[in-house]
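What follows is a set of notes on a single structure, which appears directly below.
Readers should treat all values here as calculations from the given coordinates under stated rules, not as data from a laboratory. Keep in mind that this is a model prediction, so the values were computed, not measured. Here Cβ is always computed from backbone atoms with ideal geometry, including for glycine, and neighbour counts include all displayed protein chains.
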């Protein structure tokens, strides 16, 4: 039996609520999947969990649906942010997708001195995050912030949130050394991935001056930015996040 399609709905959901789908969602359900009245789908709003819904009306003008019952209670994910230097379009799409799947609660594009990318499109990033959350069964969509310079990020940083930057110079400690030794596993945290050309000397110096920053090495090989994102978030989730089954 095929699984039910799953959609992110921007309005708050509750049992017995009747609502209309956005045009693109209506097209997807009725024209692409060819669903009709009485067909079921899943919906989540990022606040109240996941709900089973029924299509009431499916025509060319609009699609109406009703919430039947809650299928999963809301559970907030780990408090981990991703900061990354944007790269080429397809690779940035991969970063947004994998960061969403790996539980990043906020995604912040960071402009460094060696950042080389196409125009940063926040709306595209949001769409990618929504699609990834729908597919991976997340109950919330990560917040996407406006791009800002590394200097601005550090100037306004909340020092209660540890910032782990991936240090390609080889001077950082291993993920095991850094994450296992953290005194509080559930403290707010963020990982920072540099640009394709790496951080420059002044940026390294600036990062290492900050009391809340930890340098992490991902090994001897130089990883692509998108690979480093997946590796860093996976390590953090395994040692400090919601992959710690049974703790």
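In table form, for the structure just shown:
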| item | result |
| --- | --- |
| Listed peptides 36-46, 94-104 by packing density, highest first (mean Cβ within 10 Å) | 94-104, 36-46 |
| Crossing angle, helix 225-239 versus the chain [Cα axis fit, 0-90 degrees, rounded to tens] | 90 degrees |
| Between helix 89-101 and the chain: long-axis angle, C-alpha atoms, 0 to 90°, nearest 10 | 80 degrees |
| Folded to 0 to 90 degrees: helix 122-136 orientation relative to the chain principal axis, Cα | 70 degrees |
| Which of 229, 213 has the fewest Cβ neighbours within 10 Å, and the rest in rising order | 213, 229 |
| Extension reserve of the residue 14-residue 171 stretch, reckoned as 0.36 nm per residue once the Cα distance is removed | 51.4 nm |
| Neighbour-count order for 168, 226, 52, fewest beta carbons within 10 angstrom listed first | 52, 168, 226 |
| Cα-projected label distance for residue 36 with residue 159, points at 7 Å along beta-carbon direction, nm | 6.6 nm |
| Gaussian network model of the chain, Cα within-10 Å springs - most flexible of 211, 105, 149 | 211 |
| Rh (Kirkwood; distinct C-alpha pairs) - the stretch 6-72, Å | 11.6 Å |
| Option label - percent of Cα pairs over 21 Å apart computed here, alternatives [x] 57; [y] 54; [z] 61 | [z] |
| Using a Förster distance of 25 Å, the FRET efficiency for residue 62-residue 127 (Cβ separation, nearest 0.05) | 0.70 |
| Residue-averaged [θ]222 nm for the chain, counting only DSSP H segments that reach four residues, each worth -39500 (n - 2.57) | -8000 deg cm²/dmol |
| Descending semi-axes in Å of the stretch 23-165, equivalent ellipsoid built from Cα gyration tensor | 35, 19, 11 |
| Stretchable slack from residue 234 to residue 212, in nm (0.36 nm times residue separation minus alpha-carbon distance) | 5.8 nm |
| Cα pair distances in the stretch 98-187, grouped into 10 Å bins until the bin that holds the longest one, percent each | 13, 34, 40, 12 |
